[in-house]
Amino acid sequence: MRLFTLKIQGMKSVLCVSSVERAVLSIEGVDAVYIDLTTGIAKIRCYDETVTEDIIKNKIIEAGYGIDAQKTSAAAEPEKQEIALHRKSFLLGAIAVIAALASLILYFCGLLGLNFNLIMTAAAAECCCGLLALYLGKKIVLEGLNNLFSGKPCMESLTAVGVCFALLYSLFSLYDLSSGNDLAARNIYAAAAAAVLWWSMLGEYLSSKICQPKTELETAALSAMLLSKGEKYPVTSDMLLEGDVIFVQKGEIIPADGIIEAGNAAVDESDFTGSSIPVLKDKGMEVMTGSYIFGGELTVKVRAAAASLPKNVAVKKAVSAEKLENSGDKRAALFLPVILIVAVAVSLNWLFYSGSLGLAGKVFTAIMLVTCPCALKAAQSAALLKALQKAAAIGIHCSGIKPLLLFKELSVVIFGKTGTITNRKIILTDIVAYNGVKEEAALVLAASLENSSLHPVAGALKDKVAEEKLLTCEKMQYHPGEGISAVCQQAKVCFGIAEYVRRSCRIPEAALQQAEKWREEGKTPLFLAAGRTLCAVLAVAEEIPQTSKNIIASLQAEGIRTMLMTGDTKEAALRAASFVGIEKYMGALSPQEKLELVSSISLGGEKVAVVSSCHNDCLEECKADLRIAVGCRQSINGKNNAADVVLQEGRLESLLQAIQLSKKLAAADRQGILLFYIFTVLLLPFVAGAFYFVVPGLLAQPVYILLAVLVEGLSLLANAYTI
């Protein structure tokens with residue numbers, strides 16, 4: 001089967017939708033049509049490979065409606081932009097090198113014994129390189145000037161002012177040189193301006209790599225059995241449409257949200273409810289995408305088509321496309337006026353002292369170039385990119401850089417239980433035998449009964465019994481949500497909850513009291529009977545790894561408060577919270593109650609993170625600062641797209657690593673800003689002429705400014721890569 005998606009123009013009512021549906025369904029080979037009137041999107045499924053998109057389009061046009069042209073080039077646009085940025089960075093690098101060589105020639109022209117024509121050629125070459133660099137970096141310069149004139153100066157504003165003035169001064173010096181003034185050869189700052197622009201372009205390129213829409217986790221297209229026209233068709237979940245009827249059975253994952261039309265089954269919904277024990281689902285009940293069927297079979301009418309776009313996709317793309325907010329931009333509003341005042345004041349001082357407008361311009365140009373924060377932006381962007389790469393390497397998938405920056409600010413972390421604090425595995429915790437039956441024999445009998453089952457309890461029992469000890473059982477009967485029965489060694493054996501086993505035998509009061517005690521401890525009691533005799537009561541519960549306890553302790557040592565919320569019973573919540581050391585816990589919460597809990601804490605001014613299982617619907621709507629999903633390697637029909645951060649390896653240790661990485665990133669940012677200020681403070685006296693009367697030749701020479709810009713940039717980059 002194939003699925004075509006088209007955007008239809010001209011539909012204004014339900015009658016229009018019906019008209020299009022009739023037209024498309026008249027095409028032989030079309031299986032189903034689903035049309036959304038609000039968006040105009042039509043999804044057409046065909047079981048005949050000969051049906052093409054053009055045939056469908058022509059039929060829609062014949063019915064009197066139009067088709068929106070698909071912009072196929074849009075997907076390739078980000079790639080083209082990245083290639084263009086690569087090219088610009090490379091060209092600017094080459095231009096800066098050529099300009100630097102020309103600057104060196106001009107500085108050592110006396111030692112090299114160059115004649116006037118060669119000096120003029122080198123000066124012209126440097127100015128041309130500077131102008132070409134300005135053309136390639138015009139976007140940065142224009143953005144900086146626009147922000148400056150609109151009263152919102154940023155880092156690009158400082159770069160724009162410094163580069164523009166440097167190039168204007170260099171052109172003036174070139175004109176002065178052409179008039180016969182040999183000293184003007186040492187007043188050309190085009191090479192330093194090109195170097196400043198190169199750092200700015202590098203920063204823009206690294207920022208673009210960070211801000212590009214992130215690749216989502218690979219979406220898993222589940223297999224499904226579609227019931228259509230009395231036949232069963234195997235399809236993938238991305239082919240399903242709203243209103244389809246599908247058939248799912250034991251061992252399969254439900255591929256789409258829907259309503260049960262027939263059948264009953266034990267369904268694991270731990271990702272959504274928090275309960276580790278499967279629940280019985282019957283006709284008329286809802287099922288959710290990603291739920292697992294442990295026993296039974298269901299006929300389900302699809303309510304929310306898997307092929308539909310997840311609600312949050314448009315939001316995520318909008319967030320991804322945001323301009324990266326750089327910490328240096330926040331300081332530029334104050335820094336730029338201060339630098340301009342200093343530069344103007346020092347230049348006027350030299351003008352009054354020497355009477356030379358050229359010397360005053362030389363000092364002003366040098367001050368603006370050495371105080372440009374262009375390398376700071378490149379270094380900060382490099383640090384952010386490095387942090388994202390390190391996070392990905394340890395299995396932390398971030399939707400952008402903002403979630404990673406938020407880790408260091410967290411004050412409260414709210415954990416789910418199943419698949420988060422626990423590892424989903426069911427273990428046998430207790431067993432008590434009755435009526436003279438030995439515990440080992442009861443365990444062998446229960447494991448033999450569950451040997452062919454996919455139920456998590458079966459795994460817990462088989463872990464305790466060697467395979468060669470298992471008995472052969474026949475006439476298996478599975479009752480979803482209740483228990484299982486079979487004939488083992490000519491005796492009818494049943495195993496399950498009290499209500500189910502009570503139909504076969506009388507359960508002593510002592511056994512019921514023992515079961516109630518275990519239930520209060522957050523465990524699930526199960527009864528085993530052979531014939532009319534109760535053999536044993538067993539208790540199972542989710543396994544809680546020691547690592548969860550260590551992680552909670554580490555978070556609390558960092559000053560972060562921890563909480564636990566779950567849809568499972570209060571007793572199960574108490575058991576998990578007590579084991580790992582969480583004092584505040586809440587159980588038996590509905591999804592709405594979970595959302596209200598998170599919102600109330602967030603409104604209190606706390607920085608809150610919610611850590612939950614991979615496909616938990618709570619992640620989609622909760623108002624936490626950070627939404628963290630645990631254990632996802634792939635998305636099932638977009639179910640985990642709502643998470644800001646995905647711990648792909650399913651290890652809570654990654655949470656601690658993310659916090660440490662976020663703190664290192666913040667430290668590198670602070671160190672970078674400190675380095676920039678140190679360079680600025682050290683270089684300002686030099687370029688302002690404080691040492692002029694000691695060594696007159698040192699006054700703001702272009703080659704020294706160029707060297708300072710390069711050394712400062714390399715130092716900041718080296719600091720950035722220490723995270």
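Per residue, how many Å² of accessible area does the chain show with a 1.4 Å probe? Intermediate values should be presented prior to the final figure.
Values: 32780 Å² over 723 residues.
Per residue, the chain has 45 Å² of solvent-accessible surface.
Seen from all sides and averaged, what is the projected area of the convex hull of the Cα atoms in the stretch 495-632, in nm²?
Hull-based average projected area comes out at 10.3 nm².
What are the equivalent ellipsoid semi-axes of the stretch 456-516, built from the alpha-carbon gyration tensor (square roots of five times its eigenvalues), in whole angstrom, biggest first? If you can, show how the numbers build up before the last one.
On the way: eigenvalues 92, 48, 30 Å².
Output for the stretch 456-516: semi-axes of 21, 16, 12 Å.
Rank-order 120-129, 10-19 by packing density, defined as the average count of other C-beta atoms within 10 Å over each peptide's residues, highest first. Display every interim value, and only then the final one.
Values: 120-129: 20.7, 10-19: 13.4.
Top to bottom by mean Cβ count within 10 Å: 120-129, 10-19.
For Cα Rg over 2.2 N^0.38 Å, which listed value, (1) 0.95; (2) 1.11; (3) 1.31, comes from the coordinates shown?
(3)
Between the stretch 105-138 and the stretch 526-555, what's the alpha-carbon centroid distance in Å?
80 Å
Taking the highest mean first, how do the peptides 144-150, 522-528 order by number of other beta carbon atoms within 10 angstrom per residue? All intermediate terms of the calculation are to be shown ahead of the outcome.
Values: 144-150: 16.0, 522-528: 23.6.
Highest to lowest by the protection proxy: 522-528, 144-150.
Given a Förster radius of 45 Å and the C-beta distance between GLU543 and GLU49 as r, what FRET efficiency does 1/(1 + (r/R0)^6) yield to the nearest 0.05?
About 0.40, to the nearest 0.05.
What's the carbon and sulfur percent of the chain's accessible surface, probe 1.4 angstrom, rounded to a whole number? Let's see the in-between values first.
Details: 18990 of 32780 Å².
Carbon-and-sulfur percentage of accessible area, whole number: 58.
Determine, from the Cβ-Cβ distance of GLU621 and VAL342 and an R0 of 56 Å, the FRET efficiency 1/(1 + (r/R0)^6), rounded to the nearest 0.05.
Numbers: r = 52 Å, r/R0 = 0.92.
The calculated FRET efficiency here is 0.60.
Averaging sequence separations of C-alpha pairs under 8 Å and six or more residues apart, then dividing by the length of the chain, give the relative contact order as a whole percent. Show your work: numbers first, answer last.
On the way: 1403 pairs, mean separation 97.1, N = 723.
RCO, the chain: 13 percent.
Quick one: which residues, 5+ away or cross-chain, put their amide H under 5 Å from the amide H of ASN264? H built at 1.01 Å from N.
Long-range HN contacts for ASN264: GLU297.
What distance in nm separates the simple spin-label points at GLU499 and GLU521, each placed 7 Å from Cα in the Cβ direction?
Label at GLU499, label at GLU521, 2.5 nm between them.
Need one value: the accessible area of TYR353 in square angstrom, 1.4 angstrom probe, rounded to the nearest 10.
Approximately 140 Å² of TYR353 is accessible to the 1.4 Å probe.
Counting DSSP beta bridges in the chain, what percent are antiparallel, to the nearest 5?
Values: 77 of 98 bridges.
Roughly 80 percent of the DSSP beta bridges within the chain come out antiparallel.
Counting C-alpha atoms alone, how compact is the stretch 398-555: give Rg to one decimal and Dmax as a whole number, in angstrom.
Just the Cα atoms of the stretch 398-555 yield Rg and Dmax of 19.8, 65 Å.
Over the stretch 457-544, what is the mean sequence separation of C-alpha contacts under 8 Å (at least six apart), divided by residue count, expressed as relative contact order in percent?
On the way: 125 pairs, mean separation 18.8, N = 88.
Once normalised by length, the contact order is 21 percent.
Suppose R0 equals 35 Å; then what is the FRET efficiency for SER599 and ALA667 from their Cβ-Cβ distance, rounded to the nearest 0.05?
Working: r = 32 Å, r/R0 = 0.92.
Here the calculated transfer efficiency is 0.65.
The values are calculated or read from the model by the stated rules, or taken from the named source; none is laboratory data. The model shown is predicted, which means the values in this text are computed figures rather than measured ones. For neighbour counting, all protein chains shown are included, and Cβ atoms are generated from backbone atoms with ideal geometry for every residue, glycine included. These area figures cover heavy atoms from the full protein model, side chains too; ligands, DNA and RNA do not enter into them. Shrake-Rupley method; radii C 1.70, N 1.55, O 1.52, S 1.80 Å.
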